[in-house]
Every structure is written in structure tokens, then in C-alpha cells.
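Please read the structure below before turning to the comments.
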Amino acid sequence: MPTNLNNNKHKPMKLSKDQIEKIADEFANRQVDSMDIDTLTEIVYDQLNDYYSRCTAEEIEEEVNNYYCGDTKEWDNLVEKYTPPPETPQTNFYNEVVSFYNNPDNTFIK
């Protein structure tokens, strides 16, 4: 039968900031020591993704450029990868043709 750990009521402790920091440090080390590489990787990814998702464009640009030692090519590559190409007459025509052939009635209404 599972034991409910919350039934163990302890008298509130008064710990110093230093004690709390040392306990937190050791507990974090114990947790990390017991994790496999996949779990560690997942946690690091989640933390980084959460942090970068909260950044402004300028902040994330600075992070990317700093990570690549000031090389701005990586930032430019990322921006280019996720920026749609501008519409041209050729892409407009292509999209119209695709829409025409994807229409089950083969009628094209624009």
C-alpha cells in the first residue's frame, strides 16, 4: 500500500539562505546524477526553447550571434529559412494552377 509522504508533518524549519542554497545545490546534483542522457537533453532543450521563445527578435539575434562568436551568417540563415519568399507573378500563377487542379469540380473561381 503506498505511503502518503504528506502525512509526515514536520515542524517548520528556519534555514538560512546559505543552508537553502547548499541543500538545493546538492539535491539538484543528486537529480542530475540519476538522469540518463536523453532526460538531460530533453530538460536542457525545454529550458533553452522556453528562454528563447520569450526573447524579442533583437535579443535572440544577439544570442545567436554570441553563440557563433559574432558570426552573423547563422542568424541570416535562420531568418532566411523562416521568411517566406515574396510573391511574384510566377508563384501567383503556380498557386492558381495548383488550386485549379485541386478543385474537385475543376472549376476555378477567383
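Each reported figure results from applying straightforward, stated rules to the coordinates on display, with no laboratory input. The structure presented is a predicted model; accordingly, all values stated were derived computationally and were not measured. Reconstructed Cβ throughout: ideal geometry from the backbone, glycine too, with neighbour counts over all protein chains shown.
Out of Cys55, Cys69, I need the residue that is outside any helix (DSSP H, G or I) and out of contact with any helix residue (DSSP H, G or I) (no Cβ under 8 Å at 6 or more places or on another chain). Which one?
Cys69
Using the structure shown, decide if Glu61 is touching a residue at least 12 places away in the same chain (Cβ under 8 Å) and in a helix (DSSP H, G or I).
Yes; evaluated as a whole, the condition is true for this residue.
Name the one entry in Glu96, Glu26, Glu59, Glu80 that is under 29 Å from the mean Cα position of the chain (by Cα) and surrounded by 11 or more Cβ atoms within 10 Å (Cβ to Cβ).
Glu59
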